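Working notes, beginning with the structure itself.
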Amino acid sequence: MTDPAERTTRPGTGVPERPARVIDPAEVERYRLPDAENRRIFRERIVPDLLAGRVEQQTPTVVFLIGQPGAGKSRVTEMVAGALNRHGGFADVDSDLYKPYHPAYARLMAEDDTLMAAYTRADGRAWMAQAEAYVREHGLHAIIQETSQNAAAVEEKMRAYRDSGARVEALFMGVPQAMSDQGIVNRYFEQLADRGQGRLTVQANADESYAGILELADRVDRGALADLASVYRRGESKPRYGNSLDGAGNWTGPAELRQALAAERARPWTPAESDSFVTTQLRLRETAQALGPEWPGRLTRIEDQARPLLTPQAAARLPSPTAPTGPTAATPPTAPSAAPAAPGAPAAPGAPTASAVPPTVPPASPSPSAAAARSRSTPRPGAPTTPQPPGQGQGQGPRPAPGRATPPQGPNGPAPHGRGR
């Protein structure tokens, strides 16, 4: 998973701190483990705890869960995890799971989690790369959570899994920015209430992810990078859009993944969505009064993003809009007068219905590399692990539990006998 930078709070105050110091590259390098030690920890601790015990598959399924920070992937993650656990288990590929294995992790986390992130990042990424190689070499099912700040890198990763013989599924979260930005703040405030401190995703990185996901959708469509591509709404376990490859490696439906994402981001919200958003926002406003001067601007930005999508009754409950100023100002998203549903998607109860979004420009011709990849994108056998819209495959069975387990923590990181899935 792409590792969005985060900010810390002064313990017990809830007030976000500006970075206390400039990260010294020499210090970063000093905490970086020797290659041999990095590989030893991976082999002796990470593999037994998080990767061993899964069943090798003739055709493994690798599911990319793609959403910006705060998009709320929990429901979809539980659904996919349940399906894969019924077929031999899976590897949860996420650098955040590996950083606690750094010998200095516990001390750095206690001192300053910003320094922890900086000083363990290189080893965490090295362990993630080794984990992905392990998954490919051993033919394991896997879940990979991506924020797509670098769409080209995610495309390269998808190709590597396809070249290894895996079935690749790309599940995108079609979540408007106001919802995900509110999710970031809400999660942060919950951390403050629970622990007295928290980690806050940097807004610029969340914005970069929001744009990068659309770019990745284009790449998936043009390069036929996935056997199945779907779009989900927050909190739902059935997709609003789905497309899959046929026996010749061509999409069975129009390649409109980007349009489906854009439609979900711009659609008017249902009364239930609108009321839930505003209720949460008003609660965040009340909590923020004691947390420092930067919060009104950040919350106003979220409200400006949401206002065109809310029902009029819900929007009227928000504070009156003010003229945006300074670095927190943002242009609200422009909502179409009749927001279409995602192509091929069933309408939710109470949601507006409309025709599929037509492409605004002619589809781009694949690059030579994309065309070459498409020619070898033979769909992988086996039923999809995730539900598809009507006409795309079978529907969803009972909702499985549970979510991902975090490695248990010992004095120097995860306990030696902790296990992943």
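Read-outs throughout are calculated quantities, based only on the coordinates presented, and are distinct from any laboratory measurement. Remember, it's a predicted structure, so these values are computed and weren't measured experimentally. In this analysis, Cβ positions are derived from the backbone assuming ideal geometry, glycine residues included, and neighbour counts consider all displayed protein chains.
List of remarks:
- Some residue of segment 309-318 being more than 16 Å from residue 186 (Cα to Cα), assigned to a helix (DSSP H, G or I), among the small types (Gly, Ala, Ser) and more than 25 Å from the chain's Cα centre (by Cα): yes
- Filtered residues of segment 100-137 (kept if in contact with a Leu (Cβ under 8 Å, 6 or more places away or on another chain) and within 20 Å of residue 61 (Cα to Cα)): 131, 134, 135
- Listing of helices (runs of 4 or more DSSP H) fully contained in segment 14-110 that carry 3 or more residues being more than 25 Å from the chain's Cα centre (by Cα), surrounded by fewer than 19 Cβ atoms within 10 Å (Cβ to Cβ) and not hydroxyl-bearing (Ser, Thr, Tyr): 25-31, 35-41
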